[in-house]
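The values are calculated or read from the model by the stated rules, or taken from the named source; none is laboratory data. Please read these numbers as outputs of a predicted model, since none were measured by experiment. Note: ideal-geometry Cβ built from the backbone for every residue, glycine included; neighbour counts use all protein chains shown. Heads up: the accessible areas ignore ligands, DNA and RNA and are worked out on the full protein's heavy atoms, side chains in. Shrake-Rupley method; radii C 1.70, N 1.55, O 1.52, S 1.80 Å.
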Amino acid sequence: MIETTDSLRECAAPAKLNLFLHVTGRRPDGYHTLQTAFQLIDWGDVLHFTLREDGLVHRKTDVPGVPEASDLVVRAAELLKLHSGTTLGVDIEIEKRLPMGAGLGGGSSDAATTLLALNRLWKLNLAREVLQELGLRLGADVPFFIFGKNAFAEGVGEALEAVQLPPRWFLVVTPKVHVPTAAIFSDKSLTRDSEAVTITDFLAQQSCSARWPDSFGRNDMQPVVVGKYAEVAQVLEWFEAVAPARMTGSGSSVFAAFRSIGEAKAAQAKLPADWASAVASSLDTHPLFAFAS
């Protein structure tokens, strides 16, 4: 990343994986209570920010299917402007690498990177907790990316506790299907009463199994998505002969963990030629972690 007085270039917005995802209940307001473990990975979108003195916020990159006014990066910038009272503005460019509707947290990560980057570019010096509170207004996953460390999460995903996870390489496969989160959460067949687990149990399983995800929990969204989208079922079936695999979030991406890049690349080489995939390493902290205190 190249930082100057009037711009921030090459700002990473990394993807996340849900190492497990249990739905433990439903609140009176309709939101679901969850338990999950978030893992940052070294693959994601890249954003560029250029300072404007006129106070305007402008997205300079067209994102198919996402109008500028409703884009989370624009909403994040406008929210931060309103909260801070700054008279500055910004031009935002997005290199969109993560597929949408894949469960990788792309939009939420872009929003978090915007809040972190503008905290630095606009010289606001807001505390991380303040940025997390703002991020929650934009989406349940945004606070995690601002938190900036791998985490055991509860509530709607905003109650975070940092965890140390073993280094891994991941093969992520994304079929050509967009899975809408709202439709999965509202499906009548979704399990909503998973028994609560403890962070101690989760960490004990992680420390004794280098090759995850066969060691702990499940993704409660997966049976619902598999029942609706044959493409996701097909990817999971392919993985059965290669490595234990699991869907991430409520989206279409399926992933498996490996001890080395060589193992991950070898598995990737066996994929059907028309399947989209990526090999990525685990991250311990967000690349922009230092942009908040």
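Exactly one condition in (1) in contact with a strand residue (DSSP E or B) (Cβ under 9 Å, 6 or more places away or on another chain); (2) farther than 24 Å from S109 by Cα; (3) at pLDDT 95 or above; (4) not polar (S, T, N, Q) is not met by V279; state its number.
Evaluating V279 over (1) in contact with a strand residue (DSSP E or B) (Cβ under 9 Å, 6 or more places away or on another chain); (2) farther than 24 Å from S109 by Cα; (3) at pLDDT 95 or above; (4) not polar (S, T, N, Q) leaves (2) as the failure.
Counting only residues that are acidic (D, E) and in contact with a strand residue (DSSP E or B) (Cβ under 6 Å, 6 or more places away or on another chain), how many does the stretch 99-154 have?
2
So T87 clears everything in (1) touching a Gly at 6+ places or on another chain (Cβ under 9 Å); (2) buried (at least 17 other Cβ atoms within 10 Å of the Cβ) except one condition, right? Which one?
(2)
Name the one entry in I41, I2 that is without any contact (Cβ under 8 Å) to a residue 12 or more places away in the chain and in contact with a strand residue (DSSP E or B) (Cβ under 6 Å, 6 or more places away or on another chain). Spell out the reasoning first.
Numbers: I41 fails: without any contact (Cβ under 8 Å) to a residue 12 or more places away in the chain.
Just one listed residue meets the conditions, I2.
(1) of a type outside the set (F, W, Y); (2) at pLDDT below 95; (3) on the phi < 0 side of the Ramachandran plot: which one isn't true of G155, the others all being true?
Of the numbered conditions (1) of a type outside the set (F, W, Y); (2) at pLDDT below 95; (3) on the phi < 0 side of the Ramachandran plot, the odd one out for G155 is (3).
Between a residue in the stretch 269-291 that is of a type in the set (V, I, T) and any residue that is open to solvent by 30 Å² or more (accessible area, probe 1.4 Å) and part of a strand (DSSP E or B), which pairs come within a Cβ distance under 8 Å, given they are 6 or more apart or on different chains?
Close Cβ pairs (under 8 Å, with a partner that is open to solvent by 30 Å² or more (accessible area, probe 1.4 Å) and part of a strand (DSSP E or B)) amount to V279/W169; T285/K149.
List pairs: first in the stretch 74-85 and over 17 Å from R120 (Cβ atoms), second open to solvent by 30 Å² or more (accessible area, probe 1.4 Å), Cβ under 7 Å, 6+ apart or cross-chain?
Filtered contacts from the stretch 74-85: V74/E68.
Where in the stretch 125-209 are there helices (runs of 4 or more DSSP H), lying wholly inside it, with at least 1 residues that are in contact with an Asp or Glu (Cβ under 9 Å, 6 or more places away or on another chain) and either free of Cβ contacts under 8 Å to residues at least 12 places away in the same chain or buried (at least 19 other Cβ atoms within 10 Å of the Cβ) (or both)?
On the way: elements: 128-136, 142-147, 181-186, 199-208.
It comes to 128-136, 142-147.
So G44 passes all but one of these: (1) open to solvent by 40 Å² or more (accessible area, probe 1.4 Å); (2) under 17 Å from H286 (Cβ atoms); (3) touching a Lys or Arg at 6+ places or on another chain (Cβ under 7 Å). Which condition number does it fail?
It fails just one condition, (1).
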